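Enquirer: The structure follows.
The values are calculated or read from the model by the stated rules, or taken from the named source; none is laboratory data. Worth saying up front: this structure is predicted, and the values here are computed from it rather than measured. Glycine gets a Cβ as well: all are built from the backbone with ideal geometry, and neighbour counts include every protein chain shown.
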């Protein structure tokens, strides 16, 4: 039995169920994303739990975090994103986040970084502004 996989699966399953449950109380179509993410997280946690219970006990132990520096850089960027979002605005913060994360994690081709950022922002705009018709934090240069 792999206790780390079993415990991780249980934690992800509990977080997914909780997210879906809390999200189901949101107003109308704002519930789609948290419920969807929660359900997917719960569904994908099941194979992890199964692997932990019936997995091969002879396999070598894998480290919990393969690249600790990359993990903490990603965590720091996510925290910074959270705090800058209401100040700078959604699209500007998201664009900066994608570009900075790509560069910090090792991508050095400017064309790839820019293309990924533009496509990501276009998809976010399509999802939130066009499909869901939800207002997002206003950009700092558009604030009155």
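Enquirer: Return the only residue of 124, 136 being more than 15 Å from the chain's Cα centre (by Cα), under 27 Å from residue 27 (Cβ atoms) and touching a residue at least 24 places away in the same chain (Cβ under 8 Å).
Expert: 136
Enquirer: Within the set of pairs 6+ apart or on separate chains, which have a first residue in region 101-118 that is outside the structural domain of residue 78 (by TED's automatic domain parsing) and more than 16 Å from residue 78 (Cα to Cα), a second that is modelled with pLDDT of 90 or more and not in a helix (DSSP H, G or I), and C-beta atoms under 7 Å apart?
Expert: Nothing qualifies.
Enquirer: Every residue in region 49-69 that is at pLDDT 85 or above and surrounded by 14 or more Cβ atoms within 10 Å (Cβ to Cβ), please.
Expert: 49
Enquirer: Would you say residue 16 is in a helix (DSSP H, G or I), free of Cβ contacts under 8 Å to residues at least 40 places away in the same chain, surrounded by 13 or more Cβ atoms within 10 Å (Cβ to Cβ) and touching a helix residue (DSSP H, G or I) at 6+ places or on another chain (Cβ under 7 Å)?
Expert: Against the criterion (in a helix (DSSP H, G or I), free of Cβ contacts under 8 Å to residues at least 40 places away in the same chain, surrounded by 13 or more Cβ atoms within 10 Å (Cβ to Cβ) and touching a helix residue (DSSP H, G or I) at 6+ places or on another chain (Cβ under 7 Å)), residue 16 qualifies.
Enquirer: Give the residues of region 112-132 that are more than 24 Å from residue 32 (Cα to Cα) and exposed (fewer than 15 other Cβ atoms within 10 Å of the Cβ), sorted by residue number.
Expert: 112, 114, 115, 118
Enquirer: Can you name the condition, by its number, that residue 127 falls short on among (1) in contact with a helix residue (DSSP H, G or I) (Cβ under 6 Å, 6 or more places away or on another chain); (2) more than 30 Å from residue 3 (Cβ to Cβ); (3) at pLDDT below 90?
Expert: (1)
Enquirer: Does residue 106 satisfy the criteria of being at pLDDT below 90 and buried (at least 17 other Cβ atoms within 10 Å of the Cβ)? I'd like the intermediate steps shown before the answer.
Expert: On the way: at pLDDT below 90: yes; buried (at least 17 other Cβ atoms within 10 Å of the Cβ): no.
Taking the combined requirement at face value, the residue does not satisfy it.
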